[in-house]
Structure formats: structure tokens, C-alpha cells
1. Express the relative contact order of the chain as a whole percentage, based on alpha carbon pairs under 8 Å and six or more residues apart in sequence.
2. How would PHE14, PHE7 rank on accessible area, largest to smallest, probe 1.4 Å?
3. Which of [x] 45; [y] 64; [z] 75 is the computed percent of Cα pairs over 19 Å apart for the structure on display?
4. How much solvent-accessible surface does SER52 expose, in Å² to the nearest 10, with a 1.4 Å probe and all protein chains in place?
5. For region 1-79, which trypsin sites (Lys or Arg not before Pro) pass both filters: DSSP loop (anything but H, G, I, E, B) and at most 12 other C-beta atoms within 10 Å?
6. Rounded if a/c is under 1.5, else prolate if a/b is larger than b/c, else oblate: which is region 61-161, with a ≥ b ≥ c the root eigenvalues of its Cα gyration tensor?
7. Going down the list LYS67/LYS137; LYS30/LYS137; LYS71/LYS137, which pairs span over 24 Å between their C-alpha atoms?
8. Roll a 1.4 Å probe over the protein heavy atoms and report the accessible area of MET16 in Å², nearest 10.
Amino acid sequence: SNKEGQFLNIEQCFNMCDIQGENAGGLIGKESGKLGEVNIINCYNWGSINSSGAGGLIGSYAGIYGKVNSKCCYNNGNINGENAGGMIGSYASHYGNINIENAYNTGNINASGAGGLIGAICGGYKSNVNIKNIYNKGDILGVNAGGIFGFNTGFLSSIVIANVYPPGSVSNNGYSII
């Protein structure tokens, strides 16, 4: 992960390996964008996300007191880790900002609280989450999982959503979050 207060730009990168570490990311780790900014452009993940809180591209706690911008990125790996996300792990953007544009997920969402693009508890505590032109084609199988966001998204924050397309099939015996 980048040091606090720094800027990190990642372009045209990918991850093909399965992600095993708790809160890990396929390209960058936990707390990326803390007090700074991370820009991810034209990146993708094909590895399965098997650990709690992990993300296909960025680990958990991304954008805390900072900013994460993602354009033209996607996830194709199955999401098997509790509260994990196809692109960004859990607890993203607390007191910060996340902007995602032109993104999608095709991996199946098999874990409790997981999200096709962002893991559980995204956008908590006075943060801003803006997503535009996104969709999910993966099947949603996990309890309280969602095609875009994981469980408990948007607590005390602002979430703006534009052009979100229908999810894959839902058979999770819980609530589907977008």
C-alpha cells in the first residue's frame, strides 16, 4: 500500500492469482489511499478472492480520509471471502471518497456480506461514494451479498448511483444489496 498522504497511479495492470490473505488486494494492499489518493485505470482481476475483507484489486480500508478513483476496471474472479469485494475490499472510504466509473463484475458472489465490486461496510461515516456505468453478471449466492456492494453500505454517508444495470441471478436467502 502507499504511504499516508501520497498519490498512487496504477494503469493497465491485472491480477491472475487467487487472493488468500485477509484484507489483501490483488494489486495493492490494505489502507491504500489513506490521507492521499489512488487512481486505478484499465485494471482487472481474474483470481478468486478467498479471504475475509479482501479485494480483487485493492485491499480493505481503501480511501480512509483520502480518495480512490477507478475507471474502466473489472472483476472476473469468484468472490468467496466473507465481506470481500471484486475490486475493493471491505471498509472502503470511511471519511473519504470513492469514485468508480465504467466497471463490472462477472464473478459469482458466494460469501456472506460480499459485493461484486466493493466489499461490506463501504462508505461509512461521512464519506462520498459515486458510481457510474456499472453492472454485475455474477450470480449472487451469499447471504446479505450484493451484485455491486456488500452488506451495510452507506452508513451515515452519501452514495450517488447512475446507470446501474440488472444483477445476475439472486438465490441467497437474505437481502441483495444492489
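1. Here the relative contact order equals 17 percent.
2. PHE7, PHE14
3. The value computed from this structure is option [x].
4. 50 Å²
5. Working: sites: LYS3, LYS30, LYS34, LYS67, LYS71; in loops: LYS3, LYS30, LYS34.
Sites meeting the loop and neighbour criteria: LYS3.
6. Judged from the Cα gyration tensor, region 61-161 comes out oblate (a/c at least 1.5, b/c at or above a/b).
7. Distance filter (> 24 Å) returns LYS67/LYS137; LYS30/LYS137.
8. 110 Å²
The values are calculated or read from the model by the stated rules, or taken from the named source; none is laboratory data. All figures in this text were calculated on a predicted structure; none of them were measured in a lab. Quick reminder, even Gly has a Cβ in these numbers, built from the backbone with ideal geometry, and neighbours come from all protein chains shown. Surface accessibility is based on the protein's heavy atoms, side chains included, excluding ligands, DNA and RNA. Shrake-Rupley method; radii C 1.70, N 1.55, O 1.52, S 1.80 Å.
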